[in-house]
Amino acid sequence: MSRPTLIVFARAPAIGVGKSRLARDVGAVEAWRAYRTMTARLLRRLRDPRWRLVVRITPDAARFPGVACEGQGGGDLDERLRRAIRAHARGPVAVIGTDAPEVSRARIARAFEAARRTGAALGPAEDGGFWILALTPTRARRIAFPGVRWSTPDAFADTQAALGGQATVLEVLADVDDGAALRAWRRRERL
């Protein structure tokens with residue numbers, strides 16, 4: 001079996017692009033700074049010889065230095081996720097975003113192990129989304145997300161249903177989507 005792949009879905013850091021809920025609370029420049037810092041720290045922290053780290057980025061030509069980058073391509077989030085997961089389904093695959101700064105190598109390893117045992121692992125986020133989806137190659141090759149209401153408080157439950165309820169549920173992590181969450185993260189990180 002191939003080495004696992006950890007896919008990080010990301011946007012190129014640009015002022016006024018992404019993090020719109022956070023920008024409403026702290027302004028576009030501060031949201032950009034926070035996103036850039038969180039993403040850089042996350043990518044440094046998640047490098048590990050146990051898996052291949054790949055950033056699926058938008059816009060497609062953008063790059064993060066020192067890490068393999070692939071364009072997300074067109075389509076809605078459902079289509080881009082399916083394409084990314086299936087492209088790396090030679091071995092176990094996990095996908096995360098950049099909103100949950102408490103993601104660690106240990107948490108990633110636990111997700112891959114849980115998926116190995118049950119076929120899939122899903123980590124809920126406090127806001128109703130999820131911070132990780134980990135799959136075995138068999139599950140990854142046939143992944144589909146019918147009826148998932150992305151970017152809503154129902155995304156975790158909908159994804160769990162799309163997996164047929166057959167996923168190990170991991171620990172809940174916080175997302176940084178608003179000013180209060182950003183301040184709490186900065187206190188924890190002493191930034």
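The values are calculated or read from the model by the stated rules, or taken from the named source; none is laboratory data. In this text, all values refer to a predicted model and were calculated from it rather than measured experimentally. Here Cβ is always computed from backbone atoms with ideal geometry, including for glycine, and neighbour counts include all displayed protein chains.
Things to note:
- Flag for ILE96 being within 16 Å of ARG41 (Cα to Cα), within 14 Å of the chain's Cα centre (by Cα) and buried (at least 20 other Cβ atoms within 10 Å of the Cβ): yes
- Of all residues in the range 102-121, those satisfying the criterion of being within 13 Å of the chain's Cα centre (by Cα) and surrounded by fewer than 23 Cβ atoms within 10 Å (Cβ to Cβ) are GLU102, VAL103, SER104, ARG107.
- Tallying residues that are within 17 Å of ALA144 (Cβ to Cβ) and buried (at least 16 other Cβ atoms within 10 Å of the Cβ) within the range 68-77 yields 0.
- Hey, ASP99 at pLDDT below 95 and in contact with an Asp or Glu (Cβ under 6 Å, 6 or more places away or on another chain) or not: yes
- Failed item in (1) under 14 Å from ILE7 (Cα atoms); (2) not in a strand (DSSP E or B), with ARG24 passing the rest: (1)
- Qualifying residue in the range 80-92 (condition: among the small types (Gly, Ala, Ser) and touching an Asp or Glu at 6+ places or on another chain (Cβ under 9 Å)): yes
- Identity of the residue in the range 165-179, modelled with pLDDT of 95 or more and surrounded by fewer than 17 Cβ atoms within 10 Å (Cβ to Cβ), that ends up farthest from ALA115 (Cα to Cα): VAL172
- The numbered conditions (1) farther than 20 Å from GLU189 by Cα; (2) in a helix (DSSP H, G or I) are all true for GLU30 except (1).
- The range 105-150, residues that are assigned to a strand (DSSP E or B) and of a type in the set (Phe, Trp, Tyr): PHE130, TRP131
- Only listed residue being touching a Lys or Arg at 6+ places or on another chain (Cβ under 9 Å), exposed (fewer than 13 other Cβ atoms within 10 Å of the Cβ), among the hydrophobic types (A, V, I, L, M, F, W, C) and more than 16 Å from GLU171 (Cα to Cα), chosen from ALA144, ALA89: ALA144
- Qualifying residue in the range 5-27 (condition: of a type in the set (Asp, Glu) and touching a strand residue (DSSP E or B) at 6+ places or on another chain (Cβ under 6 Å)): no
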